Amino acid sequence: MKKIKLGILASGRGSNLQSIIDNIKQNRLSAEIAVVISDQPEAYSLERAQKNNITAVHISARDYKGKREEYDAVLAAELQKHRVELVCLAGFMRIITPTLIKAFPNRILNIHPALLPAFPGLHVQKAAIEHGVKFSGCTVHFVDGGMDTGPIIIQAVVPILDNDTEDNLSERILRLEHRIYSRAIQLYAEGRLKIEGRRVKVLNGKTATDDFLINP
Ligand code: GRF
């Protein structure tokens with residue numbers, strides 16, 4: 001199968017990036033990472049990319065204070081330069097503007113550590129515990145103009161236990177993030193995702209979520 005070219009945007013440690021790298025190496029994902037881009041010079045994601053011989057690019061956010069559209073135009077140009085077909089946000093701590101979305105319509109995915117539409121935004125594992133919900137999890141979705149609002153591709157569920165802390169809940173959710181992100185990318189690569197309004201249907205076969213019910 002043809003390998004889809006990915007562009008990964010990451011601001012931090014890049015464990016989701018690492019899981020994508022590992023799944024590609026183990027032939028579980030028919031993809032290649034054309035470029036990893038970070039807005040943070042010290043992001044460990046850039047180091048992970050370099051260690052794996054993947055092009056790593058830092059585009060400084062500092063140079064574009066108050067000019068988010070301009071920043072995204074530079075991002076889009078860099079992604080296009082590397083012939084990226086699918087953009088994956090993996091802990092990218094910036095709000096994406098219409099400039100980037102128009103350059104990659106329905107071709108940007110994000111992973112979020114909660115069961116959207118509950119708990120969008122930041123510090124969501126803490127928010128889920130404090131709210132007292134009994135289940136949380138993670139979501140891979142297409143990116144639209146809103147904050148964590150785009151059509152949902154796949155979700156995985158974890159229970160929240162009485163003695164959970166933000167750290168151990170985050171860790172439990174992260175283990176599933178590493179599985180569902182690659183799964184969503186593979187479904188996209190196989191051309192099996194069909195967006196109908198807010199719903200994303202999986203063509204020919206199992207639904208995206210079959211294997212990801214509660215996994216403590
Ligand atoms: C993950 O929890 C992801 O869901 C959120 O940011 C975090 C990134 O972690 N969007 P990592 O950099 O991939 O380890």
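Any residue in segment 7-21 that is without any contact (Cβ under 8 Å) to a residue 12 or more places away in the chain and open to solvent by 70 Å² or more (accessible area, probe 1.4 Å)?
no
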Consider LEU100 carefully, then state whether it is among the hydrophobic types (A, V, I, L, M, F, W, C), assigned to a helix (DSSP H, G or I) and within 15 Å of ILE8 (Cα to Cα).
yes
Within segment 60-76, is even one residue part of a loop (DSSP other than H, G, I, E, B) and either crowded, with 16+ Cβ neighbours inside 10 Å or within 16 Å of the ligand (Cβ to nearest atom) (or both)?
yes
Given the criteria of a type outside the set (Phe, Trp, Tyr), part of a loop (DSSP other than H, G, I, E, B), open to solvent by less than 20 Å² (accessible area, probe 1.4 Å) and under 20 Å from ILE108 (Cβ atoms), does VAL35 qualify?
no
Out of all the residues in segment 77-107, which are at positive phi and within 16 Å of the ligand (Cβ to nearest atom)?
GLY91
Out of all the residues in segment 112-127, is one or more among the β-branched types (Val, Ile, Thr), open to solvent by 10 Å² or more (accessible area, probe 1.4 Å) and within 11 Å of the ligand (Cβ to nearest atom)?
no
Taking the stated definitions as given, is ILE21 within 14 Å of the ligand (Cβ to nearest atom) and either among the basic types (Lys, Arg) or in a strand (DSSP E or B) (or both)?
no
Determine if segment 135-151 includes at least one residue that is free of Cβ contacts under 8 Å to residues at least 12 places away in the same chain, under 29 Å from GLN80 (Cβ atoms) and within 16 Å of the ligand (Cβ to nearest atom).
yes
Restricting the search to segment 1-18, which residues are within 8 Å of the ligand (Cβ to nearest atom), in contact with a helix residue (DSSP H, G or I) (Cβ under 6 Å, 6 or more places away or on another chain) and either polar (S, T, N, Q) or outside any loop (DSSP other than H, G, I, E, B) (or both)?
ASN16, LEU17, GLN18
Check segment 45-60 and report whether any residue there is in contact (Cβ under 8 Å) with a residue 24 or more places away in the chain, of a type in the set (A, V, I, L, M) and closer than 24 Å to ILE195 by Cα.
no
Residues that are buried (at least 16 other Cβ atoms within 10 Å of the Cβ): find the strands (runs of 3 or more DSSP E) completely inside segment 130-208 holding 3 or more of those.
135-142, 152-159
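The values are calculated or read from the model by the stated rules, or taken from the named source; none is laboratory data. The model shown is predicted, which means the values in this text are computed figures rather than measured ones. Cβ atoms come from the backbone with ideal geometry, glycine included; neighbour counts cover every protein chain shown. The area values use the complete protein model at the heavy-atom level, side chains included, leaving out ligands, DNA and RNA. Shrake-Rupley method; radii C 1.70, N 1.55, O 1.52, S 1.80 Å.
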